[in-house]
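Q: Would you mind keeping the following structure in view while I ask a few things?
The values are calculated or read from the model by the stated rules, or taken from the named source; none is laboratory data. Everything numeric in this text was worked out from a predicted model, so none of it was measured. Positions of Cβ are generated from backbone atoms using ideal geometry, with glycine treated the same way; all protein chains shown enter the neighbour counts. Protein only, heavy atoms only, side chains kept; ligands, DNA and RNA dropped before computing areas. Shrake-Rupley method; radii C 1.70, N 1.55, O 1.52, S 1.80 Å.
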Amino acid sequence: MEDGEIRRGRKYDQVLDGARRIFLRDGFDGASVDDIAREAGVSKATLYSYFPDKRLLFTEICNSECRRQTAAAEAEMDYTAPVEGLLAFAAERIAGFLMSDFGRNMFRLVVAESSRFPEIGRAFYQNGPGLIHDRLVHHMRHMADKGLLRIDDFDLAAAQFAQLCKAHIHEKLIFGMADEITPEDVQRTVTGAVELFLARYGV
């Protein structure tokens with residue numbers, strides 16, 4: 001196997017699940033190969049045969065979970081709903097990801113490691129915020145084509161909407177104040193994001 005190549009096989013998901021739990025528990029530096037192999041129920045040789053580098057394993061965990069959550073959200077989207085409902089659904093999913101244990105912990109880990117391993121930060125962006133941005137652009141174009149929104153710059157509009165969905169949440173999460181964020185706070189952020197976005201781009 002060439003250095004840096006990931007092998008997908010029968011125990012691929014098993015390795016990812018075990019590694020995810022260890023990384024979230026111990027962080028990147030604290031996660032040992034021995035602990036990951038033990039948690040995944042595989043030998044170290046098997047672990048290395050799938051992921052020859054710990055950075056590759058960490059990056060793949062981030063990428064696969066971000067892609068999974070995006071696919072799950074799109075599968076549940078009701079494309080016949082009014083524009084307010086479609087935007088609210090998207091806002092709830094974005095806020096929900098931020099509030100999830102995975103979202104909070106992985107964001108902190110990626111930020112901490114990006115200065116040493118820039119490829120980790122780039123991969124997380126492409127499969128996390130970048131993927132969400134691309135899907136927002138896609139759906140906003142669809143809504144605009146149906147006459148539900150009036151947007152000239154879809155790239156900017158998608159970025160603005162994603163930022164609105166983080167208001168009053170993201171900064172508190174960064175500084176470890178998640179316990180102070182209530183469900184009412186999240187709903188207030190979601191409602192405000194939709195209302196403000198429609199005030200600018202609604203028909």
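Q: Among the listed residues Arg93, Arg25, Arg55, Arg21, which satisfies the condition of being touching an Asp or Glu at 6+ places or on another chain (Cβ under 6 Å), in a helix (DSSP H, G or I) and open to solvent by 40 Å² or more (accessible area, probe 1.4 Å)?
A: Sole residue among the options that is touching an Asp or Glu at 6+ places or on another chain (Cβ under 6 Å), in a helix (DSSP H, G or I) and open to solvent by 40 Å² or more (accessible area, probe 1.4 Å): Arg21.
Q: On to the next question. Identify, please: which residue in the stretch 66-81 is closer than 27 Å to Ala37 by Cα and either touching a residue at least 12 places away in the same chain (Cβ under 8 Å) or touching a Cys at 6+ places or on another chain (Cβ under 9 Å) (or both) and is, among those, least open to solvent (accessible area, probe 1.4 Å)?
A: Cys66
Q: Which numbered condition trips up Asn63, out of (1) polar (S, T, N, Q); (2) more than 10 Å from the chain's Cα centre (by Cα); (3) open to solvent by less than 20 Å² (accessible area, probe 1.4 Å)?
A: If we test Asn63 against (1) polar (S, T, N, Q); (2) more than 10 Å from the chain's Cα centre (by Cα); (3) open to solvent by less than 20 Å² (accessible area, probe 1.4 Å), just (2) comes out false.
Q: Okay, next question. Which residue pairs have Cβ atoms under 7 Å apart, sit 6 or more places apart or on different chains, and have a first residue in the stretch 160-185 that is open to solvent by 30 Å² or more (accessible area, probe 1.4 Å) and a second that is of a type in the set (Asp, Glu)?
A: His168/Asp185; Lys172/Glu180
Q: Consider Leu198 against the criteria (1) farther than 27 Å from Asn105 by Cα; (2) open to solvent by 50 Å² or more (accessible area, probe 1.4 Å): it satisfies all of them except one. Which criterion is unmet?
A: For Leu198, the failing item is (2).
Q: Which numbered condition trips up Arg150, out of (1) open to solvent by less than 60 Å² (accessible area, probe 1.4 Å); (2) touching a residue at least 40 places away in the same chain (Cβ under 8 Å); (3) over 22 Å from Gly103 (Cα atoms)?
A: Exception for Arg150: condition (1).
Q: Quick one: is Gln126 among the polar types (S, T, N, Q), modelled with pLDDT of 85 or more and closer than 19 Å to Phe89 by Cβ?
A: no
Q: Another question, then. Residue by residue through the stretch 31-52, note down the ones that are open to solvent by less than 40 Å² (accessible area, probe 1.4 Å), in a helix (DSSP H, G or I) and under 19 Å from Phe102 (Cα atoms).
A: Result: Ile36, Ala40.
Q: Could you list all residues from the stretch 113-125 that are in contact with a helix residue (DSSP H, G or I) (Cβ under 9 Å, 6 or more places away or on another chain), assigned to a helix (DSSP H, G or I) and surrounded by fewer than 15 Cβ atoms within 10 Å (Cβ to Cβ)?
A: Glu119, Arg122 - these are the residues of the stretch 113-125 that are in contact with a helix residue (DSSP H, G or I) (Cβ under 9 Å, 6 or more places away or on another chain), assigned to a helix (DSSP H, G or I) and surrounded by fewer than 15 Cβ atoms within 10 Å (Cβ to Cβ).
Q: Among all residue pairs at least 6 apart or on different chains, which show Cβ distances below 8 Å where the first residue, located in the stretch 82-104, is closer than 14 Å to Pro129 by Cβ and the second is basic (Lys, Arg) and at pLDDT below 95?
A: Going by the 8 Å Cβ cut-off, the qualifying pairs are Ile94/Lys166; Ala95/Lys166; Leu98/Arg104; Leu98/Lys166.
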